[in-house]
Amino acid sequence: MLAAASGNVISSIIFVPKEVIKSQIQAMTTGSIPVSATLSGSKAKVTLGAVFRDIYRSRGLKGFYPSYRATLARNIPSAVIRFTLYEELRRAVVERRKLRAKSQQIQQHTKGKEYEDWLFHLLILGSGATASLFASAASTPLDVLKTRFSTGAIEPGTPIFTALTTIAREEGIHGLFAGMYSRVISSALFGGIGFAAFEISKDFLGLELSSET
C-alpha cells in the first residue's frame, strides 16, 4: 500500500499537467467549455502546443496543477485497492501453479505444462482485470472531480469535500458516478492486459515466481 501511494505521489507531478492539457483540449474541441480568447476562438487552434502556451501565459506553472489534490485523492486510493487486491489474487494463483507443478503428470507431459502455463496467464489476466475494475469503480467520484478541476468547471482551490457534496446535491449519485461504466471497462482491459504482459515477460525471462514477492 505504501509503495502504491508513494509511486502515485511522485508520478502525479508529471501526469497531472498532461491530464490538464488533455482535458482542456477535449473540452474545448467538443464545446464543453469555451475556447480561450488567446486561441482566437478557432477549433483549429486547439492544439497541444497552443493550449500549453495558453495555460502558461495566463496562469503560470500553477495553471498546470489545478487538479493535483484531486488527482492524488483519486490515484492513491485507486492504486492501493488495485495493487493490494492484485497481489492477493496473484498469490493465490501462484500457489495453485506451484501445487499443480508438483504433479508428475504435468511434469512429464509437455501438453499438460503448456495448458497450465496458458491457464496461469489467463488467471493473472483475470486477477489484473478484477483488481482494476474494483479500483476504478470506487474512485470514479474522485475522477469526476479531477476532470472538473482540470477543465475549470470547478474553481481551483475549492476543498475536495465541498466540491463532492456540491456535485451530489446538484446532480445526485449519477453526477458523482458519471462515465463509470466506460471507465471501468477501459480500466479492466488495461489492467488485465498490463498485469498479464508483465507476468508473461517475467516467465519469458526465467524469473522465479514466488507467492511472497
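The values are calculated or read from the model by the stated rules, or taken from the named source; none is laboratory data. Here the structure is a predicted model, which means the values were calculated and not measured. Glycine gets a Cβ as well: all are built from the backbone with ideal geometry, and neighbour counts include every protein chain shown. When the accessible area is computed, the model is the full protein with side chains, heavy atoms only, and any ligands, DNA or RNA have been set aside. Shrake-Rupley method; radii C 1.70, N 1.55, O 1.52, S 1.80 Å.
Does I193 satisfy being aliphatic (A, V, I, L, M), in contact (Cβ under 8 Å) with a residue 60 or more places away in the chain and over 22 Å from Q24 (Cα atoms)? Answer is yes for this residue. Please specify each residue of the range 130-146 satisfying the condition of being over 12 Å from the mean Cα position of the chain (by Cα) and over 13 Å from R183 (Cα atoms). Answer for the range 130-146, where residues must be over 12 Å from the mean Cα position of the chain (by Cα) and over 13 Å from R183 (Cα atoms): T130, L145, K146.
Of all the numbered requirements in (1) closer than 29 Å to G128 by Cβ; (2) buried (at least 17 other Cβ atoms within 10 Å of the Cβ), G194 misses one, and that requirement is (2). Close contacts from the range 111-127, counting a first residue that is at pLDDT below 85 and in a helix (DSSP H, G or I) and a second that is among the hydrophobic types (A, V, I, L, M, F, W, C) and open to solvent by less than 40 Å² (accessible area, probe 1.4 Å), with Cβ to Cβ under 6 Å and a gap of 6+ residues or different chains, come to G112/I106; K113/I106; E116/I106. Condition first: open to solvent by 60 Å² or more (accessible area, probe 1.4 Å) and either farther than 30 Å from G63 by Cα or out of contact with any helix residue (DSSP H, G or I) (no Cβ under 9 Å at 6 or more places or on another chain) (or both). Now tell me which residues in the range 115-154 satisfy that. Those that are open to solvent by 60 Å² or more (accessible area, probe 1.4 Å) and either farther than 30 Å from G63 by Cα or out of contact with any helix residue (DSSP H, G or I) (no Cβ under 9 Å at 6 or more places or on another chain) (or both): Y115, W118, L122, L123, L125, L133, F134. If the requirement is being modelled with pLDDT of 85 or more, under 20 Å from T151 (Cβ atoms), within 19 Å of the chain's Cα centre (by Cα) and hydrophobic (A, V, I, L, M, F, W, C), which of these qualifies: I10, I76, I14? Sole residue among the options that is modelled with pLDDT of 85 or more, under 20 Å from T151 (Cβ atoms), within 19 Å of the chain's Cα centre (by Cα) and hydrophobic (A, V, I, L, M, F, W, C): I14.
Is it true that some residue in the range 154-162 is charged (D, E, K, R) and either part of a helix (DSSP H, G or I) or touching a residue at least 40 places away in the same chain (Cβ under 8 Å) (or both)?
Within the range 154-162, the first condition is being charged (D, E, K, R), and the residues that meet it are 155.
Still in the running and either part of a helix (DSSP H, G or I) or touching a residue at least 40 places away in the same chain (Cβ under 8 Å) (or both): none.
So far as the range 154-162 goes, no, none of its residues is charged (D, E, K, R) and either part of a helix (DSSP H, G or I) or touching a residue at least 40 places away in the same chain (Cβ under 8 Å) (or both).
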